[in-house]
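Coordinate-derived values only; no laboratory data. Only a predicted model underlies this, so the values are computations on that prediction, with no experimental measurement involved. With ideal geometry, Cβ positions are generated from the backbone for all residues, glycine too; neighbour counts draw on all protein chains shown.
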Amino acid sequence: MTNGFPLSTPLLAMVLALAPTSARAQGKPTTAAAEEAARAEVLALKGDGLIAVPPWVEILAGDSMGVGWMTAEPADGHVEWTQKPGEAADSDWRRSTASKHGLVQANSTIQKAVLKGYDPTKPLRLRAVSRPIVKFQPYKVEYGEPVKSVEVEIRPLRRGDGSASFVVLNDVHDHIQFYPLLTPLPGSDFDFAVLAGDIVTDPMTEKQVVESLLLPMAWLASRGIPCFFLRGNHETRGAMARRLHEYLVLPFDRYYAAMTFGPMRLLLLDTGEDKPDSSVEYSGLVDFDAYMEDQRDWLAAEITSDAHEAATWHVAVQHIPPDYRTPPEKKWYGPTRIETLFGPLYDAGKLDLIVAAHNHRAAVVPPNPDPSRGAQYYVFIGDAHPLAKATIQRVDATPKTLRVRRFQSDGTVGAEHSWTRP
Ligand SMILES: [Fe+2]
Ligand SMILES: [Fe+2]
């Protein structure tokens, strides 16, 4: 049910059982059959009726969630939700949808709803309902029969004991089998997942967006897990890059955000592209210098906010990591821009930890031993495909402790660090 992994745990056992003895001895599960089964598990969520992609859940704030789903043809849609366990009467279900510029979302295959006003300390049961739009006239819209999605039960985002936990998956690069295989490794008692960029490699078609991003988010929701999607430098490329936001429910219509979970202020930052805007690869179509400066201004305001100052722990998740150890002449433009624009704010905002991605090589960057040079925070960088090398990172915050662990795909902890405050 909500916190279990009924299909995934046997899959992982299958990986370990089928791996050659030598690979198993080295802790390197690489079995193609298990990866294929895991991939099929995610793709099996695709529907062949009106509901083409079942609901996924995106975090909008500590007490607000966006729900997305897709229909096979233009439809309307709302979400029915309840926090009553067991048999719920019709009157126990509330309705939410989304509207923009005064118009309720409809007449599209992409469906959205924004949920507020629920108790974030309790599980949230929800299902999507859509009606095909048979005829859309100026003064009359005709609908077909309503269709309900499967129900998902999302775990509580807020805990009674004031603690918070989340996991970070990064650089999946369309290897969707990683979700069933990696997500169970850090345990099932975390609150949400952050997808930290390069989840979809250069999105070119709606099919790719569906299979590499929306179905994995729906798979997470089917396990009770809400998520936040952060762009990497590969989601800014490809013919679908400019349409990606249409499929997502984003806080304030932005790809970056700041939210409070228990004692932790969480910054979710968009690190943009890795090369200069003028690079020939971008065909004159990107404008990340200006975008990153806008985000820098937003971050400067965020770190002086009451919410930021009230938090015990300050954690950021972002795709491209800063790393003061790389000499300037060897540093790409993207990381240099991040360190120039965001670097001083990371220190001014007293960041404890940045969880990052992008390098396809796991690493831990400790605080700079020379405090006068800034960078007084840890950077934990996750790895990428193939499965033997892939990682999932987990962050746990309590009022007195902060802990980060990087889990390798064989379940061992490859790196960890803890902080304690009185
Ligand atoms: Fe990547
Ligand atoms: Fe990347």
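Tell me, how many Å apart are the Cα centres for region 295-368 and for region 50-101? What the calculation gives is 34 Å, centre to centre.
Kirkwood hydrodynamic radius for region 35-189: how many Å is it when counted over pairs of different Cα atoms?
Working: mean 1/r = 0.0576 Å⁻¹.
In region 35-189 this quantity evaluates to 17.4 Å.
Rounded to the nearest 10 degrees, the angle from helix 8-18 to the longest Cα principal axis of the chain is 60 degrees. For the pair region 115-167 / region 198-250, the C-alpha centres are spaced 19 Å from each other.
Among Phe190, Phe342, the order by Cβ neighbours within 10 angstrom, fewest to most, reads Phe190, Phe342.
Among bridges DSSP assigns within region 237-392, what percent are antiparallel (round to 5)?
Numbers: 8 of 21 bridges.
Among the beta bridges of region 237-392, antiparallel pairing accounts for roughly 40 percent.
With a cut-off of 8 Å between alpha carbons and a minimum separation of six or more residues, what is the relative contact order of region 51-154 in percent?
Details: 234 pairs, mean separation 31.5, N = 104.
Relative contact order for region 51-154 comes out at 30 percent.
Given axes a ≥ b ≥ c from the Cα gyration tensor, I'd like to know whether region 164-420 is rounded (a/c under 1.5), prolate (a/b larger than b/c) or oblate. Cα axes put region 164-420 in the rounded bin.
Within the straight-line cut-off of under 16 Å between alpha carbons, the lysines reachable from Lys122 are Lys84, sequence neighbours fewer than 8 places apart in one chain being disregarded.
First check a/c for region 283-422, with a ≥ b ≥ c the square roots of the eigenvalues of its C-alpha gyration tensor; if it is under 1.5, answer rounded, and if not, answer prolate when a/b is larger than b/c or oblate otherwise. Let's see the in-between values first.
Numbers: a/c = 1.66, a/b = 1.08, b/c = 1.54.
Oblate shape, in that a/c is at least 1.5 and b/c is the bigger or equal ratio.
The mean sequence separation of alpha-carbon pairs under 8 Å and at least six residues apart, normalised by the residue count of the chain, gives a relative contact order of 15 percent.
For the chain, what is the charge dipole size about the Cα centre, in debye to the nearest 20, if Lys and Arg each add +1 at the Cβ and Asp and Glu each add -1 at the Cβ?
On the way: 44 positive and 52 negative charges, 141 e Å.
In debye, rounded to 20, the chain gives about 680.
Give the angle, between 0 and 90 degrees and rounded to the nearest 10, that separates the Cα long axis of helix 32-43 from the longest principal axis of the Cα atoms of the chain. Approximately 50 degrees, to the nearest 10. Computed over region 323-374, the Cα gyration tensor eigenvalues convert (square root of 5λ each) into semi-axes of 17, 14, 12 Å, ordered from largest to smallest.
Take every DSSP beta bridge whose two residues both sit in the chain, then give the antiparallel share in percent to the nearest 5. List each step's numbers first, then the result.
Numbers: 62 of 84 bridges.
Here the share of antiparallel DSSP bridges comes out near 75 percent.
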